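The values are calculated or read from the model by the stated rules, or taken from the named source; none is laboratory data. Every value quoted in this text rests on a predicted model; they were computed, and no experiment measured them. Cβ atoms come from the backbone with ideal geometry, glycine included; neighbour counts cover every protein chain shown. Heads up: the accessible areas ignore ligands, DNA and RNA and are worked out on the full protein's heavy atoms, side chains in. Shrake-Rupley method; radii C 1.70, N 1.55, O 1.52, S 1.80 Å.
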Amino acid sequence: MREYLLTLCITAAVTYLLTGPVRKFAIVAGAMPEIRARDVHREPTPRLGGIAMFFGLCAGLLVADHLTNLSEVFEKSNEPRALLSGAALIWLIGVLDDKFEIDALIKLGGQMIAAGVMVMQGLTILWLPIPSVGSVALTQWQGTLLTVALVVITINAVNFVDGLDGLAAGMVCIAAAAFFLYAYRIWYSYGIEAAAPATLFSAILMGMCLGFLPHNMHPARIFMGDSGSMLIGLVLAAGAISITGQIDPDALKLFAGSEKAAVHQTVPVYIPLLLPLSIIAVPAADLISAIVRRTWRGQSPFAADRGHLHHRLLEIGHSHSRAVWIMYFWSALIAFGSLAYSVNSASMWIVLGVVFLSAIGLVLLLLPRFTPRVPMWAQTIVPPRYRRRRPVAAESVEAAEVEQRTPVAVGVAGVNGATALRSRSHAPERRKAETSR
């Protein structure tokens, strides 16, 4: 556990320290696209945060290779090298997309190629645990197709949910934490060495997200871009593939009585990881709803819109930060609820706890619908939105006075650390005038 924690800390430190220089590089390179209709930020913000995350991944793998116990993962398995190869390819495609906005079909093809590269180096699904049947061996083509499908689904699920500051990194970090606890339990409690690569991938993924989050929380100074969202999606998928389709449930029969009983014991987490639905349930639900919504309208499934879950939370009335924390809450509830159920599926307290927390989540979700009248003595301790408003005339006078005292000039630094620009309506006129000169 100490070596896993050391690897996590090194990955987080490298990612955190490199994000600042990467932000400056992104500004110089011009990786600051104009604000689109579906964006929720108000100022151009640099992308390419995935560069720092990729070097954090490389640092984590390098450190793990030189540790006493984790070095055995590299000696007995080729999965870390397969992960690095696929991650390098998907990261390169993401960097090009952050800079040049490449076509969605080209990105999809790159995702499939990255998954194929990992399959060629041994990171593939070999069998599936089926309830009341046991482990079902897959042919080479079946394993390849299933592996590629899982990688593509996970990458796009994470990419789709990357719409608010800190949302994708935080949700993937929560998923990676739950996944790490599950994989470590399989490796340590059952003594199955084949679970070690998945445990290592989860620890490194947590470090990548934790190192990037301080720069990405609202208001974000840098975005991870597709170079980051596709990268962490691929690492998450690699861990799921490693522990779902590489570990033979027959190895658990000594502890569960039989192979079928072992499969039944681990089904609560194995099958959701395979789809995957529990660890990235919220991003997967957002992905499915987006595809159905766009197809129903006669649009391409890759067409961008403002119908994602986080957009709807903002439309309901949640603030930016509260919408992110609500998504964190539901991700943690589903991921850790599945983890607890896999440990003891017969406990009624776990089910009751999940139901109770779900009720709390629904109350938080519908909170903007309720605006209770707060007594005067509690005005100073409640959030501003619940305080009694002053007369409109007084607010208008005070706002006018503040505006006169603090005029805003074009060219000052904004909240995101980028240079403030004029309104978008004047941007084309400015470019046209510069061209004519």
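Annotations
- Every pair of residues 6+ apart whose Cβ atoms lie under 9 Å, when the first sits in region 136-165 and is open to solvent by 30 Å² or more (accessible area, probe 1.4 Å) and assigned to a strand (DSSP E or B) while the second is modelled with pLDDT under 90 and hydrophobic (A, V, I, L, M, F, W, C): V136/W127; V136/L128; V136/I130; A137/L126; A137/W127; A137/L128
- Matching residues, region 204-231, being touching a helix residue (DSSP H, G or I) at 6+ places or on another chain (Cβ under 6 Å), open to solvent by 30 Å² or more (accessible area, probe 1.4 Å) and modelled with pLDDT of 90 or more: L210, H215
- Within region 233-253, tally of residues that are open to solvent by less than 10 Å² (accessible area, probe 1.4 Å) and modelled with pLDDT of 65 or more: 13
- Among the residues making up region 41-60, a single one is open to solvent by less than 10 Å² (accessible area, probe 1.4 Å) and within 22 Å of M120 (Cα to Cα): L57.
- Test: residue in region 315-337 that is modelled with pLDDT under 70 and among the small types (G, A, S): yes
- Output for region 131-158, where each listed residue is within 30 Å of E43 (Cβ to Cβ) and at pLDDT below 85: A157
- Residues in region 172-203 that are of a type in the set (A, V, I, L, M) and open to solvent by 10 Å² or more (accessible area, probe 1.4 Å) were compared, and the one that is farthest from V73 (Cα to Cα) is I174.
- Qualifying residue in region 185-195 (condition: closer than 19 Å to A87 by Cβ and in contact with a Ser or Thr (Cβ under 8 Å, 6 or more places away or on another chain)): no
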